[in-house]
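Just so it is clear, none of the values below were taken in a lab; they were calculated from the coordinates. Small disclaimer: the values here were computed from a predicted structure and weren't measured. Cβ sites come from the backbone with ideal geometry, for glycine too, and all protein chains shown count toward neighbours.
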Amino acid sequence: MKRPLPTVAILLFVLSACGKQPAQVSQEVAIPGVEAAGERTLQEVAIADYPKVVLSTDAGEVVIELYEDKAPLTVRNFMAYVEAGHYDNTVFHRVIGNLLVQGGAYTPDYRLKPDRGFIRSEANNGLRNLRGTVTAARRANDPNSAGAQFFINVVDNPQFDFVSAADAKSQGYTVFGHVVEGMEVIDGMRNAKVGPRAGIGDATPVKPIIIRQIRAAKTP
């Protein structure tokens, strides 16, 4: 009689498709040639150790983790702007209290900063535009037009999720990060007084909400 294969329990940390914090899932995997005398050991395996950035504003700091495995091109593009200091002394120029806050393009006097050009969409990566997620902004009629601008969803926004490649609207917007600390700072922006501003839009804060700096978080 053949002896059954021994097993080891591997604890995997997996990121759920809804963009929440990693959940712990226990899974048994048969591994040939391991003799454990009937005992099972537990091994911890970290699947993803996501890099983080610190977004410093006049209202406080926000820590964002970046899903470089799900949106590698978008994260590289974002970090290129971070490392170049592009976001220093820019503003959140669009604030819609029941939708999102958007920034990365304008100085406090609302002059448009030059960017590096467009990148292709990675919206079909399984991530959803849930509250607290960070998403690449783009032109409404062109899914492959993300540049320096980004927005933070302040509510769940399924209308921004990838559905199909049928048209620009159905292709959605690329989620590439998630706020892990300081969401209360973002929530504080939702009540900002806004109004129309020529060339920018109808939801521009009357008093600029300034991003002082975005920098890579220090690793422990």
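Data for the structure
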| quantity | calculated |
| --- | --- |
| Cα-Cα over 28 Å, subset of K169/K207; K70/K169; K113/K207; K113/K169; K70/K193 | K169/K207; K70/K193 |
| Sequence of S170, S164 once ranked by neighbouring C-beta atoms within 10 Å, starting from the fewest | S164, S170 |
| Debye intensity ratio in log₁₀ form over the Cα atoms of the stretch 52-216, taken at each q of 0.09 Å⁻¹ | -0.25 |
| Taking E65, E184 and counting other C-beta atoms within 10 Å, the order from fewest to most | E184, E65 |
| Positive minus negative residues near G60 (Lys, Arg vs Asp, Glu; Cβ under 13 Å) | -4 |
| Cα-only Debye scattering, the stretch 88-176: base-10 log of I(q)/I(0) at q = 0.14, 0.15, 0.19 Å⁻¹ | -0.47, -0.54, -0.85 |
| Least to most buried among K169, K70, K193, K52 (fewest other Cβ within 10 Å first) | K193, K169, K52, K70 |
| Separation between Cα centres of the stretch 159-180 and the stretch 185-220, rounded to whole Å | 22 |
